[in-house]
Amino acid sequence: MTMLNVGRPTRPDGAAESAGHTSLTGGRGLLQDEPLIFELGGWSKTGVDLAAPSQDASDLGDLVRSAPIGLPGLSEPEAMRHYVRLSQKNHAIDLALYPLGSCTMKHNPRLNEKMARLAGFADLHPLAPQSTVQGALALMDRLAHWLKTLTGMPAVALSPKAGAHGELCGLLCIKAAHEANGQGHRRTVLVPTSAHGTNPATAAFVGYSVVEIAQTQDGRVDIADLAAKLSPDVAAIMVTNPNTCGLFERDVIEIARLTHEAGAYFYCDGANFNAIVGRVRQGDLGVDAMHINLHKTFSTPHGGGGPGAGPVVLSAALAAHAPAPWVVSGPDGLRLVEETVDEAAQGFGRMSAFHGQMGMFVRAYAYMVSHGADGLRQVAEDAVLNANYVKARLSPVMSPAFPEGPCMHEALFDDAWLEGTGVTTLDFAKAMIDEGFHPMTMYFPLVVHGAMLIEPTETEPKQELDRFCEALIALAHAAKAGDADRFKGAPYLAPMRRLDETLAARKPKLTWRRGDNGVAPAPLAAE
Amino acid sequence: MRYLPLTPADRAEMLATIGARSIDELFVDVPAAARKAELFDLPLHAGELEVERELAGLAALNRPAGAGPFFCGAGAYKHHVPATVDHIIQRSEFLTSYTPYQPEIAQGTLQVLFEFQTQVAALTGLEVANASMYDGSTACAEAVMMAQRVTRRKKAVLSGGLHPHYAATTQTIAHAEGMEIVRQAAAIDAEAAVLDAIDADTAAVVVQTPNVFGVVTDVTKIAEAAHAAGALLIVVTTEAVSYGLLKSPGEMGADIAVAEGQSIGNGLNFGGPYVGLFACREKLVRQMPGRLCGETVDAEGRRGYVLTLSTREQHIRREKATSNICTNSGLCALAFTIHLSLLGETGLRQLAALNHAKARELCDALAAVPGVEVLTPRFFNELAIRVKGGAARTVEALLADGVVAGVPFSRLDPSAGLDDVLLVAATETTSTEDIQAFAQALAGRTA
Amino acid sequence: MRFTKDHEWVVLEGDVATIGITAYAADQLGDVVFVETPEPGKAVKAGDNLAVVESVKAASDVYAPISGEVIEGNAALGDAPETVNDQPEGAGWFARIKVADPSEVEALMDRAAYEDFLGTL
């Protein structure tokens, strides 16, 4: 036979000893250390080729900037590599389950991205003549129809740009309605102790004083406390339903009745609408206003922190006070009412310059039409099923905050089960990162000690839920077995170790400055 | 349904693990009166092909800005966005991640925000910038309320050159918070008039440059007057590309600069999502609204980034927060940062010069049309003209010639009595042929 | 040194009271990152907001334990907020107040009473 015995080794013999290994240059294999654009040295570079201007700026005299701006530039390949390298340091829903309670991190269909990029939507100017944007107005009109039908409410304001902006819109509607009805003296808003921080922040912003409503042992609004606090001074209550403990407010109809009897309005925080979409309509529960986070329930991408969209559905009592603009149907087709001067003197004003987050409307509408009435109902059912499954699997090793009865779309645990282990909720969450999962929402709601709020959403297959539960069970056993180091130093395997937030806040450094990080001041001026 | 992974067998097995007989048992807390057995009155699920058909059908009813000569501006501008930008923002790790609350696995987003903040500070000539706001108009409202916190005064004076929709947004939101908003009458060269309205109760003076009529103003004198009265100067810009040519707000004495950042990296999108820029003097940083990213180190001493000064925000301060806002405009800020990194100092200056040159070309062509009067004395890439017979009617008439002539001022402020004023903008996307087509059509209509 | 149930301390010298937060409070807050101290000349009544102290996790109001007029805020905390953690009942003081009614100070808890109170929390 012929023998060819040259060439490379094909077994990993001797390569197993890798613990504690570091690279010579600071990166971690494919995870490169990436400098800031300001340190890449491209002060004269550009990644665009532009035509030369046909005229100069002499007409502007000394209005023209003389000092350099201080912006580095990158050629196209450098820009691509810089931002792709940075992207690899992020966790994402496309990589693994992202169980942030109250945030509804579900799959983002790429069909929605494709639709939003159609030139007929993406390349439309907000002030283009209305006869040239009839399809866009029709889309807004259809989206409004779906939102109204799904909530059983007669009106919707589309323009708010996020959930908190929607809350502001809802409370401004309520304030305007009270003023129109001679009730402008009402100064108090009631908020349960378990509420999202935005609720009291918004109420205070609008000038209301906030009074907290107590919570019962089983995690719901204390009706007796609510009844006691509902005075003629109360303008509204703000209740999240399903609430932030992941529970449905069983007495919601009674809450609405008491609220209306006291002359107040019922604002519902719709952050958790995903649990009931297609099955339960807020209009049937007595709600007067509710924002809908399109980036939660209707799957527009979170994008690393926005943009969101927060349309607000309104009851008949509040509809007349909605802000501009809105779409109406007329003899010449659809029309956008942009001024409240003539057509609705009761409208409270304007939430932003244009008509809302159209790019998000297209995505949300594509998502709704894809699911249909049947698919959306299945969304709620599977979201609730997945959360209860996680709760059932983890309850033997972790302590559910409300063990009795089902949860809705999120499962809430406290930290009682960690007692004596020396491991905190934060440590446990950081150890999850080493297992490849994003931590759950922690220390929220504030009413549960060391809270861990897990929202799997309906787009997780059973296999992924099992993988997640098994990772958490293994971690729980490790914590109870005294393996505290695994938690105290975690994460070990992420792109970064735990970061010093105290240093960041004591000596805030919010921008890069010339000379930072040993980078010599670059030549600027007129290169 | 293609987005729902559970099979009927999975569901049965999971219900058994939970110990429930049916899915309805999990909804037992919903009052019986509100439980709907039947489906709502909406169509059933649809395949990708059917959805594409419906949406493409709606899109086809619209005339995109790129379909022909197009001159609308007034707060949103048609610019070319490099293909690289849209590719990167669609990467899963950017598109489908949440707010970076776990910094160890969100350094990508955080470093981008740090770069964004530094770019915005540089553009505006101020020391610090936040991680973005919803858009320019809400940033303007937030700036006015910040001035109230800093000065502990209640009054804000809005120049008549401020975009009327910005003024209306600010009026709605700041008024709700208890501020007195003095909105001056719309006028082409309105800036000087604010000087008379500044008094000892004034928290903020809000001036836009280039203003809604396109007028570029040196606001140095207004800054001096505001500061002499103990007020802050807020400078608003709706066209971020103008920073590449004009003196920065910081250079002219602004305390806070806010802007619409759509022009860099972001499409028109029929009004949103956009990205609000917000920068201020360093000493004011603790009163600044919105998220902030800051530099720090990790447990091994390596440089990294975190969200910081978050005690100002709603999830910690609750009813004492500086603002109720909890979202920024992350992905739009990313697009802005990538586009601006591609441009760099050199590219942004070229782009700004090109925009200005196109507007001069447009101005010259329109000025030559009989009956047209150019109203804006010095402009960046947008100007106001007076047309006979009303601006709204002119726009409708020129549509028949395939030209989208601009934004009638009356659409922004119907009560201003400026019905014959038309706002026209040109950018690097405007061709000489577009300009000629506009001038010819206008000459044909006014002849 | 006298104490309040809101965890402020007061030391009276003549008619000038120095005010800070207790070691217990500083420990509960965690790392202090920012302190907003009052301007001289500000008149306060007992129970009014006097200062704001921020940790990474929380922003808390500090109340005036007694009435009077602010003479000075502790400017050194601007650059070194960590002093509140390191020496809460010394160099980490927040403000000095010219006291209107010294008997208000007498009415506050002494250390033994404050420690008993902490035992009930």
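The values are calculated or read from the model by the stated rules, or taken from the named source; none is laboratory data. None of the values given here were measured: they were computed from a predicted structure. Using ideal geometry, Cβ is built from the backbone for each residue, glycine included, and neighbour counts are taken over all protein chains shown.
Return the residue satisfying two criteria in turn: it lies in the range B:174-187 and is in a helix (DSSP H, G or I) and more than 7 Å from chain A (Cβ to nearest Cβ), and of such residues it is surrounded by the most Cβ atoms within 10 Å (Cβ to Cβ). Residue satisfying both the conditions and the ranking: B:174. For first residues located in the range A:79-97 and facing chain B (nearest Cβ under 7 Å), partners that are acidic (Asp, Glu) and lie 6+ apart or on another chain with Cβ distances below 6 Å form the pairs A:86/A:34; A:87/B:93; A:90/B:93; A:92/B:93. Comparison of B:199, B:255 shows that the only residue that is of a type in the set (D, E, K, R) and over 22 Å from residue B:142 (Cβ atoms) is B:199.
Let's see how each residue does on (1) surrounded by 24 or more Cβ atoms within 10 Å (Cβ to Cβ); (2) under 24 Å from residue A:249 (Cβ atoms); (3) out of contact with any strand residue (DSSP E or B) (no Cβ under 7 Å at 6 or more places or on another chain); (4) not β-branched (Val, Ile, Thr):
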position: A:142; (1), (2), (3), (4): no, no, yes, yes
position: A:152; (1), (2), (3), (4): no, yes, yes, yes
position: A:170; (1), (2), (3), (4): yes, yes, no, yes
position: A:191; (1), (2), (3), (4): yes, yes, no, no
position: A:204; (1), (2), (3), (4): no, yes, no, yes
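Screening the candidates A:168, A:143, A:150, A:172 for the property of being more than 9 Å from chain B (Cβ to nearest Cβ), touching a residue at least 12 places away in the same chain (Cβ under 8 Å) and within 16 Å of residue A:314 (Cβ to Cβ) yields one hit, A:143. In the condition set (1) modelled with pLDDT of 95 or more; (2) among the β-branched types (Val, Ile, Thr); (3) more than 22 Å from residue B:307 (Cα to Cα), residue A:511 is compliant with all but (3). Which ones in the range A:257-266 are over 23 Å from residue B:35 (Cβ atoms) and either within 13 Å of chain B (Cβ to nearest Cβ) or surrounded by fewer than 24 Cβ atoms within 10 Å (Cβ to Cβ) (or both)? Hits for the range A:257-266 are A:261, A:262, A:263.
Within the range B:348-376, the residues that satisfy the criterion of being touching a Gly at 6+ places or on another chain (Cβ under 7 Å), assigned to a helix (DSSP H, G or I) and either surrounded by fewer than 24 Cβ atoms within 10 Å (Cβ to Cβ) or more than 7 Å from chain A (Cβ to nearest Cβ) (or both) are B:349, B:352. Every test in (1) more than 8 Å from chain A (Cβ to nearest Cβ); (2) in contact with a Lys or Arg (Cβ under 6 Å, 6 or more places away or on another chain) is passed by residue B:344 save one, and that test is (1). Taken over the range A:214-234, the criterion of being in contact with a strand residue (DSSP E or B) (Cβ under 6 Å, 6 or more places away or on another chain) and within 14 Å of chain B (Cβ to nearest Cβ) is satisfied by A:221 alone. Per the conditions (1) closer than 19 Å to residue A:128 by Cβ; (2) in a loop (DSSP other than H, G, I, E, B), the sole criterion not satisfied by residue B:388 is (1). With respect to the conditions (1) among the hydrophobic types (A, V, I, L, M, F, W, C); (2) over 30 Å from residue A:350 (Cβ atoms); (3) surrounded by fewer than 24 Cβ atoms within 10 Å (Cβ to Cβ), residue B:338 lacks only one, and its number is (3).
Against the criterion of being part of a helix (DSSP H, G or I), modelled with pLDDT of 95 or more and out of contact with any Ser or Thr (no Cβ under 7 Å at 6 or more places or on another chain), residue B:10 qualifies. Restricting attention to the range B:403-413, does a residue exist that is at pLDDT below 95 and either surrounded by fewer than 15 Cβ atoms within 10 Å (Cβ to Cβ) or in contact with a Cys (Cβ under 8 Å, 6 or more places away or on another chain) (or both)? For the range B:403-413, residues at pLDDT below 95 and either surrounded by fewer than 15 Cβ atoms within 10 Å (Cβ to Cβ) or in contact with a Cys (Cβ under 8 Å, 6 or more places away or on another chain) (or both): absent.
Filtering the range B:277-298 down to residues that are among the small types (Gly, Ala, Ser) and modelled with pLDDT of 95 or more, which residue is surrounded by the fewest Cβ atoms within 10 Å (Cβ to Cβ)?
Taking the range B:277-298 and keeping what is among the small types (Gly, Ala, Ser), we get B:279, B:290, B:294.
Cutting the leftovers down to modelled with pLDDT of 95 or more gives us B:279, B:294.
Working: B:279: 30, B:294: 23.
Ranking the candidates gives B:294 first.
Considering the range B:42-73, the residues that are more than 21 Å from the chain's Cα centre (by Cα), at the interface with chain A (Cβ under 7 Å from one of its Cβ atoms) and small (Gly, Ala, Ser) include one that is farthest from residue B:391 (Cα to Cα), namely B:46.
Could you pull out the residue among B:76, B:131, B:139 that is outside any helix (DSSP H, G or I) and more than 7 Å from chain A (Cβ to nearest Cβ)? Full working, then the answer.
Working: B:76 fails: more than 7 Å from chain A (Cβ to nearest Cβ); B:139 fails: outside any helix (DSSP H, G or I).
When all the criteria are applied, what remains is B:131.
Among the residues of the range A:32-78, the one identified as assigned to a loop (DSSP other than H, G, I, E, B) and among the aromatic types (Phe, Trp, Tyr) is A:43. Within the range A:155-168, is even one residue over 23 Å from residue A:276 (Cα atoms) and not polar (S, T, N, Q)? Yes, the range A:155-168 contains a residue that is over 23 Å from residue A:276 (Cα atoms) and not polar (S, T, N, Q). If you go through the range A:458-481 one residue at a time, do you hit one that is in contact (Cβ under 8 Å) with a residue 60 or more places away in the chain, more than 25 Å from the chain's Cα centre (by Cα), part of a loop (DSSP other than H, G, I, E, B) and crowded, with 23+ Cβ neighbours inside 10 Å? The answer is no, given that none of the residues of the range A:458-481 is in contact (Cβ under 8 Å) with a residue 60 or more places away in the chain, more than 25 Å from the chain's Cα centre (by Cα), part of a loop (DSSP other than H, G, I, E, B) and crowded, with 23+ Cβ neighbours inside 10 Å.
Restricting the range B:69-127 to residues that are β-branched (Val, Ile, Thr) and without any contact (Cβ under 8 Å) to a residue 12 or more places away in the chain leaves a set whose member that is farthest from residue B:212 (Cα to Cα) is B:105. Residues that are modelled with pLDDT of 95 or more and more than 7 Å from chain A (Cβ to nearest Cβ) within the range B:308-333 comprise just one, B:333. Name, by its number, the condition in (1) assigned to a helix (DSSP H, G or I); (2) more than 7 Å from chain B (Cβ to nearest Cβ) that does not hold for residue A:370. The one condition residue A:370 does not meet is (2). If you go through the range A:270-308 and pick out every residue that is within 12 Å of chain B (Cβ to nearest Cβ) and within 19 Å of residue A:226 (Cβ to Cβ), you end up with 4.
Inclusion of residue A:342 among residues that are modelled with pLDDT of 95 or more and among the acidic types (Asp, Glu) is not warranted. Residues that are over 13 Å from the mean Cα position of the chain (by Cα) and outside any helix (DSSP H, G or I) were ranked within the range C:78-105; the one that is farthest from the other protein chains (Cβ to nearest Cβ) is C:102.
Consider residue B:241 carefully, then state whether it is assigned to a helix (DSSP H, G or I), over 25 Å from residue B:352 (Cα atoms) and within 12 Å of chain A (Cβ to nearest Cβ). Walk me through it before giving the result.
On the way: assigned to a helix (DSSP H, G or I): yes; over 25 Å from residue B:352 (Cα atoms): no; within 12 Å of chain A (Cβ to nearest Cβ): yes.
No, not satisfied.
With respect to the conditions (1) modelled with pLDDT of 95 or more; (2) in contact with a Leu (Cβ under 9 Å, 6 or more places away or on another chain); (3) surrounded by fewer than 24 Cβ atoms within 10 Å (Cβ to Cβ); (4) not hydrophobic (A, V, I, L, M, F, W, C), residue A:219 lacks only one, and its number is (1).
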